[in-house]
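Shown next, in structure tokens, is the structure this report addresses.
The values are calculated or read from the model by the stated rules, or taken from the named source; none is laboratory data. Computed from a predicted structure; not experimentally measured. Methodologically, a virtual Cβ is constructed for each residue, glycine included, from the backbone with ideal geometry; neighbour enumeration extends over all protein chains shown. These area figures cover heavy atoms from the full protein model, side chains too; ligands, DNA and RNA do not enter into them. Shrake-Rupley method; radii C 1.70, N 1.55, O 1.52, S 1.80 Å.
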Amino acid sequence: MTKSDNGRDSTSKVGSTSEDGSTSEDGLTLRIAQQPEADELLARSPLAALVGMLLDQQVPMEWAFTGPYTLAERMGSDDLDAGKIAAYDPDAFTSLFTTKPALHRYPGSMAQRVQQLCQYLVAEYEGDASAVWRDAGTGEELLRRLNALPGFGTQKAQIFLALLGKQFGVRPTGWRTAAGAYGEDGSRRSVADITGPESLAEVRAYKQEAKAAAKAAKAAKKATTAKAAKGPSEG
């Protein structure tokens, strides 16, 4: 049972209308990783979802969210365990990431971040990833909790908050506002909006446009600064 945006209990299953997705035992359907087994794990494992979000930087989104499933396989399990990862020998854990095919473009640093995340969850939430959001009373409180996680800056925290609200049915009062633009209904800004190949393409297009706009703005600012440094031209 989850909370709606007005704080009332709701049993609706967000994501049940996703395109040809993978369905977990509780009925939640996801199509983020674009791989049935990986999406099924994301749907039933709060820690896998957190790890996928952590890995979602400087690599394609589907690569990042397939990572938890591959990691679980390499650890000989069908799920991720925060306590086990937290206590894992650091060098051996890194090898799980660097073994080809690598789990990330930067496998060494991301292995360290995943282990730090799990150590934090063990210390603060007894290893239960879902406890991060289970009793959060407001969107602002949940955002603060997510932002405190190792490897989660404000943007990543807002995106994951939007993912929880839009697809996992975790909707404390004010969650859309706390998630910022990522919480907007009908948006195509982030992984929170991916429900299949079509929406994945739309989100990717948005990211490419945003990146191009940022690059153009940076170039324009650089040109303006250079012009100002030269001073007024002589008449």
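Placing +1 on the Cβ of every Lys and Arg and -1 on the Cβ of every Asp and Glu, with nothing else charged, gives the chain a dipole about its Cα centre of roughly 1420 debye.
Between beta-carbons, use under 14 Å as the cut-off and find the net charge around ALA82, counting Lys and Arg +1, Asp and Glu -1. So the surrounding residues net to -3.
Restricting attention to the chain, lysine pairs at least eight places apart or on different chains and with alpha-carbon atoms under 24 angstrom apart total 24. For the chain, the mean residue ellipticity at 222 nm estimated from helices alone is -17500 deg cm²/dmol, where every DSSP H run of n ≥ 4 contributes -39500 (n - 2.57) and the total is divided by all residues, rounded to the nearest 500. Sorting the segments 170-179, 122-131 by their residues' average number of neighbouring beta-carbon atoms within 10 angstrom, most packed first, yields 170-179, 122-131. Accessible surface calculations at 1.4 Å, restricted to protein heavy atoms, place the stretch 132-175 at 36 Å² per residue.
Only Cα pairs under 8 Å and 6+ residues apart enter the sum, and on that basis the relative contact order of the chain stands at 20 percent.
In percent, rounded to a whole number, the relative contact order of the stretch 43-180 is 21, using alpha-carbon pairs under 8 Å and six or more apart. Span-like helix check, the chain: qualifying full DSSP H segments, with Cα axial length of 24 Å or more and mean Kyte-Doolittle of -1.0 or more, are 107-125, 197-230.
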